[in-house]
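Below you'll find the structure, written out as structure tokens, and then a few comments.
What follows draws every value from the coordinates through simple rules; no lab data is involved. Because the structure is a prediction, the values reported are computed rather than measured. When we count neighbours, we look across all protein chains shown, and the Cβ atoms used for this are built from the backbone with ideal geometry, even at glycine.
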Amino acid sequence: MRAKSTLLQCLIGIGPRAHGRITWQNEPIQAWPAHRRARAGLGFVAEDRRLFTGLSVKENLWIAVPSGSSDQATPAQRFDRVMALFPSCKPCCTAQPAR
């Protein structure tokens with residue numbers, strides 16, 4: 001499990017990169033700072049942090065909707081794009097969060 005977190009941290013710019021090339025949408029990003037990668041849509045929340053335990057599935061996915069997109073899509077349209085990436089989550093979106 002540790003290697004997976006290290007890889008994700010490297011991809012978002014907060015972990016060490018020993019060698020190699022990192023590309024995002026066919027563009028090299030290894031020189032990008034973490035904040036630029038986040039604006040491009042790269043990010044993750046470590047599972048063991050339990051940051052969003054009170055949120056529903058829909059609310060957790062809503063967090064993934066980019067806030068500053070260069071396209072003219074509304075937040076709802078961007079949320080629909082996120083849902084298209086995770087179609088199996090649609091039935092869970094109406095469930096209340098576990099308490």
Quiz prompt | Nitroxide proxy distance, nm - points 7 Å out along Cα→Cβ at residue 24 and residue 82 | solution = 1.6 nm
Quiz item: Which length gain, in nm to one decimal place, applies between residue 10 and residue 94 when the Cα-Cα distance is subtracted from 0.36 nm times their residue separation?
Solution: 26.8 nm
Exercise. Mind listing the long-range amide H neighbours of residue 15? Cut-off is under 5 Å, sequence gap 5 or more, other chains count too, H placed in the peptide plane at 1.01 Å from N.
Key: 10
Quiz item: Taking amide hydrogens as modeled 1.01 Å from N in the peptide plane, which residues meet the under 5 Å criterion relative to residue 24, leaving out close sequence neighbours?
Solution: 29
